[in-house]
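One structure below.
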Amino acid sequence: MAPTITSRVDTRSDEFSANQTAMLAALADLDALYAQLVAGGGQPGDKATATVARHRARGKLLPRERISLLLDRGSPFLELSPLGGWGGQDSLGGGLVTGIGVVSGVECVIFANDPTVKGGSQSPTSVHKGLRAMDIARTNRLPLITLTESGGADLPKQADVFNAGGASFRNLTRLSAAGVPTITCVFGSSTAGGAYIPGMSDYVIMQQGAAKVFLGGPPLVKMAIDEDANEEDLGGAEMHARVSGLADYLAVDEADAIRQARDVVAHLNWRKLGPGPTHASRAPKYDPADLLGLVSMDIRVPFEAREVLARLLDASEFEEFKPLYGSTLVTGWGSLHGYPIGVLANNGILFSEEAEKGAQFIQLCNRNDIPILFCQNITGFMVGTRYERGGIIKDGAKLINAVSNSTVPHITLMMGASYGAGNYGMSGRAYEPRFIFSWPNHRIAVMGPKQLAGVLTIVAKSRAEKSGIEWDDAAFAPMRDAFEQQVESESTALFATGRLWDDGIIDPRHTRDALGIALSAIHSAPVEGTSNFGVFRM
Ligand code: COA
């Protein structure tokens, strides 16, 4: 049995309760945004209310209602990137719901259009969110279920969705080629390019009197070939089930279509290829709710990574590797909901020792086929003459080499700062972890806003001096402040999730369960390490 972490946090301190209050306030703001999505209709207001009422008057369900009918009763749904699109030009959430849930006992990726948001049409956010969901289905070998009702490309944004939208049809057939089943229920419009969603799927279920699947609707047909066609004859469910053969199953209503999708999953005879949990899932010794008070919303306030692990790992057990060496990177083994994991967690800036320790640890996880959890709270690698001369670049490169070539699944938890190359060494988005989740206090950028503004000031000053212009620090100050503000606002967790840099911001209290669902999903595919890394520069 591995040693148990002993917590030293005073959960009754003023600092703890202030942290808790600030984190709960941030979570309340996120909940309000999420409630807006659940209500449907896009931007809240009378128009949204009327759109949802019209949808319901047609006897239709909202996407999350369709999903809850599809899922096994009482099973959880891990929604992915719900707040994608935040702060941008597209509707919040992109009018698309994606996530992982259990259908007829099989973990699946689910992809559901929200027809009450711009007719379910596909904005750049929806397209990228959809591609990410397909990526998750492919890398983790999870069947994909699409609940389709969409006006196709968001026409005013056609230039930004045309190519990426095309990739989604290619990905569907590639999933099929990889042996990952794709199942589509069509509840409404699936027009033009969108017709290739059922067109490229393995199984197609269409709802009678509701599904409309055609390359060109009646107006376009009239324009193109001067034919008067009606929607049912052109692309109705009956026609596709009886005549064209595009529909494999005909459903009488939405609930019937969903039942049929569940039946299809049930006959897949699906078997996970990864090992099941090795141990029993044992609750941590310390309450995960403590995570609310453990971390400050102010990213500059440090916290002990082992305190986080004590609230995530089974029975708070952690076999620490090299505890006396490279102490600002905590490495070691534990399990989460019974799945063995290796952990790399930041406890300060990365030095050469930490980079080498991390690279060695990643190799060991690969030798043992153990998935890795990266817990990021990193301001970067150490800079300065002493460290450059000590080879910080080549040592950091060893860590990045190990992360890049590792083939065991990675999950990244953004529990604080994520700046500079520290993001890369700790398996940031560009390093393709299977999942990334963030806490509301997360901040991400090339470097901290103050440091970035400071660097810009030094560059401007030296440029002025080279041109013989006298430097006026007071005159430059407003520019520096504005830049700092800009970087500050571009570094928030909401900004990052809006750009789909993560798979969603999670409540710290739910971290253990979100990671558990992710680990279970990951084990649908084989878990295999490698010993094939790039040349480690010595
Ligand atoms: N791009 C952008 N916005 C679209 C859209 C699209 N492809 N399709 C629908 N919308 C918008 C509508 O403009 C409308 O917006 P508004 O409420 O601000 O006026 C809203 O979505 C609802 O559309 P509406 O037609 O009132 O709803 P409906 O439920 O009766 O019909 C559709 C929905 C999708 C069947 C219908 O709008 C349609 O046929 N759209 C065009 C489909 C098409 O040919 N797409 C080609 C894409 S390649």
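The values are calculated or read from the model by the stated rules, or taken from the named source; none is laboratory data. Nothing here was measured: the structure is a model prediction, and the numbers come from that model. All Cβ positions, even for glycine, are placed from backbone atoms using ideal geometry, and neighbour counts span all protein chains on display.
Key figures
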| quantity | calculated |
| --- | --- |
| Residue check for residue 390: surrounded by 21 or more Cβ atoms within 10 Å (Cβ to Cβ) and either among the basic types (Lys, Arg) or farther than 24 Å from residue 133 by Cβ (or both) | no |
| Some residue of region 233-241 being touching a residue at least 60 places away in the same chain (Cβ under 8 Å), out of contact with any strand residue (DSSP E or B) (no Cβ under 6 Å at 6 or more places or on another chain) and not in a helix (DSSP H, G or I) | no |
| Those residues of region 133-163 which are of a type in the set (A, V, I, L, M, F, W, C), farther than 20 Å from residue 106 by Cβ and either surrounded by 15 or more Cβ atoms within 10 Å (Cβ to Cβ) or within 11 Å of the ligand (Cβ to nearest atom) (or both), in sequence order | 153, 155, 161, 162 |
| Any hit, region 450-457, residues being crowded, with 19+ Cβ neighbours inside 10 Å and in contact with a helix residue (DSSP H, G or I) (Cβ under 6 Å, 6 or more places away or on another chain) | yes |
| Strands (runs of 3 or more DSSP E) wholly inside region 288-363 that include at least 3 residues being crowded, with 23+ Cβ neighbours inside 10 Å | 329-336, 339-346 |
| Among (1) of a type in the set (A, V, I, L, M, F, W, C); (2) surrounded by fewer than 22 Cβ atoms within 10 Å (Cβ to Cβ); (3) touching a Pro at 6+ places or on another chain (Cβ under 6 Å), the one test that residue 204 misses | (2) |
| Single residue of region 228-283 satisfying the filter (of a type in the set (D, E, K, R) and under 11 Å from residue 207 (Cβ atoms)) that is farthest from the chain's Cα centre (by Cα) | 238 |
| Unmet requirement for residue 77, which otherwise passes all of (1) surrounded by fewer than 14 Cβ atoms within 10 Å (Cβ to Cβ); (2) within 30 Å of residue 263 (Cα to Cα); (3) in contact with a helix residue (DSSP H, G or I) (Cβ under 9 Å, 6 or more places away or on another chain) | (1) |
| Residue list for region 109-129, filter: in contact with a strand residue (DSSP E or B) (Cβ under 9 Å, 6 or more places away or on another chain), assigned to a helix (DSSP H, G or I) and within 15 Å of the ligand (Cβ to nearest atom) | 119, 120, 125, 126, 127 |
| Helices (runs of 4 or more DSSP H) wholly inside region 1-93 containing at least 2 residues that are of a type in the set (Asp, Glu), away from the ligand (no atom under 16 Å from the Cβ) and without any contact (Cβ under 8 Å) to a residue 60 or more places away in the chain | 14-39 |
| Any hit, region 476-496, residues being among the basic types (Lys, Arg), surrounded by 13 or more Cβ atoms within 10 Å (Cβ to Cβ) and within 18 Å of residue 128 (Cβ to Cβ) | no |
| Matching option when the condition is modelled with pLDDT under 95 and in a loop (DSSP other than H, G, I, E, B), among 179, 216, 209, 166 | 216 |
| Some residue of region 188-200 being at pLDDT below 95, assigned to a loop (DSSP other than H, G, I, E, B) and within 12 Å of the ligand (Cβ to nearest atom) | yes |
| Tally of residues being within 20 Å of residue 182 (Cβ to Cβ), more than 14 Å from the ligand (Cβ to nearest atom) and not hydroxyl-bearing (Ser, Thr, Tyr) across region 208-253 | 9 |
| Pairs with Cβ under 6 Å, 6+ apart, first in region 120-134 and under 12 Å from residue 161 (Cα atoms) and among the β-branched types (Val, Ile, Thr), second part of a loop (DSSP other than H, G, I, E, B) and away from the ligand (no atom under 12 Å from the Cβ) | 125/84; 125/85 |
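Table: residues versus (1) buried (at least 24 other Cβ atoms within 10 Å of the Cβ); (2) out of contact with any Lys or Arg (no Cβ under 9 Å at 6 or more places or on another chain); (3) among the β-branched types (Val, Ile, Thr).
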residue: 86; (1), (2), (3): no, no, no
residue: 90; (1), (2), (3): yes, no, no
residue: 93; (1), (2), (3): yes, no, no
residue: 96; (1), (2), (3): yes, no, no
residue: 102; (1), (2), (3): no, yes, yes
residue: 108; (1), (2), (3): yes, yes, no
residue: 122; (1), (2), (3): yes, no, no
residue: 127; (1), (2), (3): yes, yes, yes
